Each structure stands twice: as structure tokens, then as C-alpha cells.
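Asks: This is the structure I want to talk about, given as C-alpha cells.
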Amino acid sequence: MDIDALLHSVIRFSNFMTSRLIVAGVFFYVMTGFTDIGSAAEGFLPDMELINQVVANYQTIFDLLGVSDFALLFILFVFLTTIHIVHVGFDRIGAYLPPGIIPLRGWDAIEDLIHPAFEILRDARGAEHSDEENQRLYEFDKKLREIDAANEESYREELEGVSTAFRIAKSFILFSVLVWIYAALSGAYRGDMILLLVILATSILMALYAAFRIFRAHGLRIEDLRHEVSSQFIGFARIWTPPEHQERVVKACVATQNLRSATFAILVPVFGTLESLLLEYRQWSKKKSRIGGRGQ
């Protein structure tokens, strides 16, 4: 048995459940402020005596009805499913709340490097291009794409977690603002209004921190990718080209532009970003005007 893999799986499951319990717990606690069950203003958690009474009442009901173990497992399943649905709902809503963060594709980050370097490698051979040499360059290009894919995979888990936190934090900002406005206007909220502002402030801080982490992780991802690709080109040039071309390859591996590892954008379903939607609309308008001009 792979103990390290087992422990890693346990940790991932723990993080999986913890994040969902926190999101669903805060959501349901805020919503209970609109119902008259105990005093939600006495602390962050409801009255523990009330919870014990509710649990005891349910246990008594289960004992009287003779509920089977399967029914208890089914109730637990419904409970966990509800928690998961709340978590997924906040995640999906946050995915389209502005601002979104669009990462720079790895291949785009090294485009200013690979094209000049490949031209130098081809130029080093002059007019003598055999099928074997072309195949070798093709295999080298394939290797670079594999490096790009491996680089994406190495940062995938870290970025996945912090991106989820960023989306949920945006959803909580919207949720807490809407609940606070409704509670202030209706006067129906029996909880502590200050708690809603605390959730709002915490959500804003979490969103800012997550955004910083996302930009930093993408920056490190691009930096690692460029370093690895540059090393591959320099090593390949040492066995492929004469010294003067090796120096040109080294110069070509230096970044010629200030790359942004990620950018803020307004996300739109189907089209991806608002910019893509506007571009599609302009193309549709031009096409429509051309068709209208031909019809006249």
C-alpha cells in the first residue's frame, strides 16, 4: 500500500469537506437569522442547548419509528448533498461575477522565445535539411509542448484551490451585501447585523488575498516554463549548432516583452469574456451590413 498516496488522499478529502462545511455553515447560519429559532445574536454559533434538544427530539422520533440504518445513511447522504449543492452554487455564481482572472497560456508566454530560436536552429543548417534533421526538430518541438503541459499540471492543484476560494469569496460579497440590504429594509433579520458586515469584510479580504495568490502562482508558472524551455534550447543548440549560433540562441532566450501572467476580465457564459462577446457582435454587425448592402 502506498502510504504517501493514502495520506494525500485523506488530506484532499479533508480539505474537500472542510471548505464545503464552512461555506454551507455560514450560509445557513445567516439564513437562520430570518427565523425565530433560538437567539442567533448570542454568538457566532446558535445556542448549543437548542441544538442538543433538536438532536434529542430527532433521535426520539427515529427510535419510535424504528428507522433503519439505511434510512439514517440516506438522511446523511441528503445532508451532505445539500452542503455540496450550496458550495457548488456559490462557486458557479462566483465564476461569472466580475472581475474574472484570465491566465496567460503557457505557449503564448514562450512564443517570443521559440520562433526566433527555431529560426536560428534552421539557419544553422543552411540549405542542408535532411528528413532526419527535420524529424529531430519536430520531436524537439513536441518535447517543448510536453514541458508546457507538465508545467500546467504542476500548478493545477494549487491554482484550482485558490481559484475556487476567489470565486466563492466573490459570491459571499454579493450574498452578504444583498442580505444586509434586505435585512435593513425589511427589519426581519433577528441576527446580528454587524455579523453580516464582518462576513462582507472577510469576503473582500479573502478575494484580495486569493487574487494575489493567483497572480503570484501564474507568475511563477510562466517563470518556470520560460526557464525550462530556455535551458532546452541552449542545451539543444550546443549539440546542433556552431558557437556563433549558440550565442544567438542564448540572446533569443532573453524575454523581449513584459509579459502579464494573468489579467482581469469580465466573464460571459459561452463567449468566455466580454471582449470576445463584443468582437463576435462586431463581426456579426459587419456581416449583416454586407448582406443588407447586397440586398439593396
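The values are calculated or read from the model by the stated rules, or taken from the named source; none is laboratory data. Since this is a predicted model, take the numbers as computed values, not measurements. Cβ atoms come from the backbone with ideal geometry, glycine included; neighbour counts cover every protein chain shown.
Asks: Starting from region 244-260, take each residue that is among the acidic types (D, E) and list its partners that are at pLDDT below 80, counting only C-beta distances under 9 angstrom and pairs at least six apart or across chains.
Replies: Listed pairs, sorted by first residue: E244/A124.
Asks: Filter region 208-248 for residues that are hydrophobic (A, V, I, L, M, F, W, C), over 30 Å from T263 (Cα atoms) and surrounded by 13 or more Cβ atoms within 10 Å (Cβ to Cβ) and give the result.
Replies: Correct list: I234, F236, A237, W240.
Asks: Scan region 227-277 for residues that are of a type in the set (A, V, I, L, M, F, W, C) and under 16 Å from R122 (Cβ atoms) and jot them down.
Replies: If we filter region 227-277 for residues that are of a type in the set (A, V, I, L, M, F, W, C), which is where we start, we get 229, 233-234, 236-237, 239-240, 249-250, 252-255, 259, 262, 264-268, 270-271, 274, 277.
Residues satisfying the conditions are F233, F236, A237, I239, W240, V249, A252.
Asks: Mind checking which residues of region 268-296 are over 30 Å from the mean Cα position of the chain (by Cα) and either at pLDDT below 70 or in a strand (DSSP E or B) (or both)?
Replies: The answer is K288, S289, R290, I291, G292, G293, R294, G295, Q296.
Asks: Residue check, R190 against (1) closer than 30 Å to F16 by Cβ; (2) modelled with pLDDT under 85; (3) in contact with a helix residue (DSSP H, G or I) (Cβ under 6 Å, 6 or more places away or on another chain), all met but one. Which one?
Replies: All conditions are met except number (1).
Asks: Can you tell me which residue in region 210-264 is modelled with the lowest pLDDT, limited to those that are of a type in the set (A, V, I, L, M) and in a loop (DSSP other than H, G, I, E, B)?
Replies: Here the residue is A255.
Asks: List every residue pair whose Cβ atoms lie under 8 Å apart, where the two residues are 6 or more positions apart in sequence or sit on different chains, the first residue falls within region 132-148 and is free of Cβ contacts under 8 Å to residues at least 24 places away in the same chain, and the second residue, located anywhere, is charged (D, E, K, R) and assigned to a helix (DSSP H, G or I).
Replies: From residues that are free of Cβ contacts under 8 Å to residues at least 24 places away in the same chain, the pairs are L137/R122.
Asks: Please work out which residue is surrounded by the most Cβ atoms within 10 Å (Cβ to Cβ), limiting yourself to region 98-117 and to residues that are among the β-branched types (V, I, T) and either closer than 24 Å to H245 by Cα or out of contact with any Ser or Thr (no Cβ under 9 Å at 6 or more places or on another chain) (or both). Full working, then the answer.
Replies: Start the filter on region 98-117 by keeping residues that are among the β-branched types (V, I, T), which leaves 101-102, 110, 114.
Checking which are either closer than 24 Å to H245 by Cα or out of contact with any Ser or Thr (no Cβ under 9 Å at 6 or more places or on another chain) (or both) leaves us with 110, 114.
Numbers: I110: 25, I114: 17.
Here the answer is I110.
Asks: Could you tell me whether A124 is exposed (fewer than 14 other Cβ atoms within 10 Å of the Cβ), farther than 16 Å from S230 by Cβ and among the small types (G, A, S)?
Replies: Values: exposed (fewer than 14 other Cβ atoms within 10 Å of the Cβ): no; farther than 16 Å from S230 by Cβ: yes; among the small types (G, A, S): yes.
No.
Asks: Follow-up question, since we're still on this one. For A40, all conditions in the list (1) surrounded by 13 or more Cβ atoms within 10 Å (Cβ to Cβ); (2) at pLDDT 70 or above hold save one; what is the number of the exception?
Replies: (2)
Residues checked against (1) under 30 Å from L137 (Cβ atoms); (2) aliphatic (A, V, I, L, M):
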position	(1), (2)
I204	no, yes
C253	yes, no
T263	no, no
T273	no, no
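Asks: Could I ask something else about it? Taking into account only those residues within region 98-153 that are in a loop (DSSP other than H, G, I, E, B) and at pLDDT 80 or above, which is farthest from F236 (Cα to Cα)?
Replies: To start, the set of residues in region 98-153 that are in a loop (DSSP other than H, G, I, E, B) comprises 98-99, 104-105, 110, 125-130.
Now drop any that are not at pLDDT 80 or above, which leaves 98-99, 104-105, 110.
Working: P98: 44, P99: 42, L104: 26, R105: 24, I110: 17 Å.
Among residues in region 98-153 that are in a loop (DSSP other than H, G, I, E, B) and at pLDDT 80 or above, the one farthest from F236 (Cα to Cα) is P98.
Asks: Of the residues S176, S186, S154, only one is among the polar types (S, T, N, Q) and closer than 26 Å to V229 by Cβ; which?
Replies: On the way: S176 fails: closer than 26 Å to V229 by Cβ; S186 fails: closer than 26 Å to V229 by Cβ.
Unique residue meeting the criteria: S154.
Asks: While we're here: Is it the case that some residue within region 167-180 is touching a strand residue (DSSP E or B) at 6+ places or on another chain (Cβ under 6 Å) and either of a type in the set (S, T, Y) or surrounded by 18 or more Cβ atoms within 10 Å (Cβ to Cβ) (or both)? Explain how you work it out, then say what you get.
Replies: So in region 167-180, the residues touching a strand residue (DSSP E or B) at 6+ places or on another chain (Cβ under 6 Å) come out as none.
Within region 167-180, none of the residues are touching a strand residue (DSSP E or B) at 6+ places or on another chain (Cβ under 6 Å) and either of a type in the set (S, T, Y) or surrounded by 18 or more Cβ atoms within 10 Å (Cβ to Cβ) (or both).
Asks: Also: Please verify whether region 260-273 includes one or more residues that are loosely packed, with under 15 Cβ neighbours inside 10 Å and more than 30 Å from G161 (Cβ to Cβ).
Replies: No, region 260-273 contains no residue that is loosely packed, with under 15 Cβ neighbours inside 10 Å and more than 30 Å from G161 (Cβ to Cβ).
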